[in-house]
Amino acid sequence: MAAPMELFCWAGGWGLPSVDPDCLAVLTYARFTGAPLKVHRVSSPWRSPSGRLPALKTRDNGTISKMEQIITHLRKQSHCVALQKYNADYDLSAAQGADTLAFVSLLEEKLLPVLIHTFWVDAKNYVEHTRKWYAETIPFPLNFFLPNCMHKQHLERLQLLWGDGYMEDEEKLEKELYRDARECLTLLSQRLGSQKFFFGDSPASLDAFVFSRLAPLLKAKLPNGKLQQHLKSLQNLCNYCTSILSLYFPWDGGEHPGSAPRAAGTDEAEEDPHKRRNQLLSVLVGLAAMLGYAFLSGIVSIQRGGAGPAARQPIAMQEEEEEEEE
């Protein structure tokens with residue numbers, strides 16, 4: 001039997017198996033299909049072989065670091081006797097496949113920008129909830145600058161999604177986008193109706209995608225929850241998220257007890273698979289941070305010029321910044 005693929009994703013919190021929507025989508029799809037994954041829930045993207053999360057380490061295709069590509073790869077891991085094995089959309093009709101593409105596009109266009117704004121741009125939510133969680137979860141000394149780097153990346157992503165109008169009238173645009181996001185949630189509620197999943201009694205990739213976007217918004221304790229309150233008013237969507245958590249993540253909604261049983265085809269692992277590398281990185285980053293503090297505070301300075309012998313013996317120090325590989 002082939003060794004299971006390894007999935008690296010953000011750790012769980014807020015009552016969820018992972019706080020990151022893309023990681024949550026991959027985890028949920030894997031649970032829906034029973035794909036054999038050895039899951040490493042880590043507290044820093046530097047603990048991933050690609051430096052990004054989620055990341056799927058495969059035997060034949062190297063490391064895959066995008067949610068859509070990971071799910072596509074899982075769909076292809078089939079056997080001739082069970083072609084549908086890891087394909088949650090195997091039984092969908094052509095019309096249902098078209099509906100999946102349409103709803104995914106709608107979520108990306110109408111809901112994703114507002115989710116980014118809610119968690120990463122809204123000052124109160126970012127400071128009191130999002131940055132607080134990541135700063136407490138990411139190991140020292142990375143927790144001093146990684147949350148801010150992530151914040152900058154999400155701002156750039158939001159500006160890319162919103163276009164040039166973002167800088168012209170941010171308040172007006174924000175109001176319009178929150179209105180569109182509420183309409184999107186209402187449309188999802190109407191489409192789901194009283195069904196267990198969007199296409200009946202069996203989950204599909206659309207369910208993994210919708211759940212990964214709604215569950216963090218539902219479970220997070222946001223101090224400013226404009227969109228969250230609208231979601232909580234749509235009872236069938238709330239029940240939908242709660243049902244998926246209880247059915248597919250009954251023991252690991254942010255907690256990972258060592259004695260808990262494992263899901264079929266899934267091997268959960270909390271250990272750090274790159275411990276030595278991470279220790280070295282932590283030491284280097286910590287040293288760079290201390291040197292930077294020393295220079296900024298005036299504890300250490302570099303003397304330039306001078307005629308005396310002492311002037312020709314400066315303390316030469318260089319601070320090196322290591323950038324995350326994309």
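The values are calculated or read from the model by the stated rules, or taken from the named source; none is laboratory data. Here the structure is a predicted model, which means the values were calculated and not measured. No Cβ is skipped: glycine too gets one built from the backbone with ideal geometry, and neighbour counts run over all protein chains shown. Surface areas here come from the heavy atoms of the whole protein model, side chains and all, with no ligands, DNA or RNA. Shrake-Rupley method; radii C 1.70, N 1.55, O 1.52, S 1.80 Å.
Things to note:
- Meets criteria (in a helix (DSSP H, G or I) and open to solvent by 20 Å² or more (accessible area, probe 1.4 Å)) for residue 184: no
- Residue 105, sole failed condition from (1) touching a helix residue (DSSP H, G or I) at 6+ places or on another chain (Cβ under 7 Å); (2) open to solvent by 10 Å² or more (accessible area, probe 1.4 Å); (3) farther than 25 Å from residue 149 by Cα; (4) modelled with pLDDT of 90 or more: (1)
- With respect to the conditions (1) open to solvent by 40 Å² or more (accessible area, probe 1.4 Å); (2) touching a strand residue (DSSP E or B) at 6+ places or on another chain (Cβ under 7 Å), residue 133 lacks only one, and its number is (1).
- Of the helices (runs of 4 or more DSSP H) lying entirely inside the stretch 191-280, those containing at least 2 residues that are under 30 Å from residue 95 (Cβ atoms) and either open to solvent by 30 Å² or more (accessible area, probe 1.4 Å) or modelled with pLDDT under 90 (or both) span 235-248.
- In the condition set (1) in a loop (DSSP other than H, G, I, E, B); (2) modelled with pLDDT of 90 or more; (3) under 28 Å from residue 202 (Cα atoms), residue 40 is compliant with all but (1).
- Test: residue in the stretch 151-158 that is under 30 Å from residue 44 (Cα atoms), open to solvent by less than 20 Å² (accessible area, probe 1.4 Å) and at pLDDT 90 or above: no
- Any helices (runs of 4 or more DSSP H) falling wholly within the stretch 106-180 and containing at least 1 residues that are hydroxyl-bearing (Ser, Thr, Tyr): 131-137, 165-168
- Which listed residue, of 44, 18, is more than 24 Å from residue 241 (Cα to Cα) and in contact (Cβ under 8 Å) with a residue 12 or more places away in the chain: 44
- Residue 141 being buried (at least 18 other Cβ atoms within 10 Å of the Cβ), within 19 Å of residue 51 (Cβ to Cβ), touching a residue at least 40 places away in the same chain (Cβ under 8 Å) and not aliphatic (A, V, I, L, M): yes
- Single condition residue 173 does not satisfy, out of (1) over 29 Å from residue 45 (Cβ atoms); (2) open to solvent by 30 Å² or more (accessible area, probe 1.4 Å); (3) at pLDDT 90 or above; (4) of a type in the set (A, V, I, L, M, F, W, C): (3)
- Of all residues in the stretch 1-37, those satisfying the criterion of being of a type in the set (A, V, I, L, M, F, W, C) and in a loop (DSSP other than H, G, I, E, B) are 1, 2, 3, 11, 14, 19, 35.
- Qualifying residue in the stretch 80-97 (condition: surrounded by fewer than 21 Cβ atoms within 10 Å (Cβ to Cβ), in a loop (DSSP other than H, G, I, E, B) and under 15 Å from the mean Cα position of the chain (by Cα)): no
- The stretch 214-235, residues that are out of contact with any Leu (no Cβ under 7 Å at 6 or more places or on another chain) and within 20 Å of residue 18 (Cβ to Cβ): 220, 221, 222
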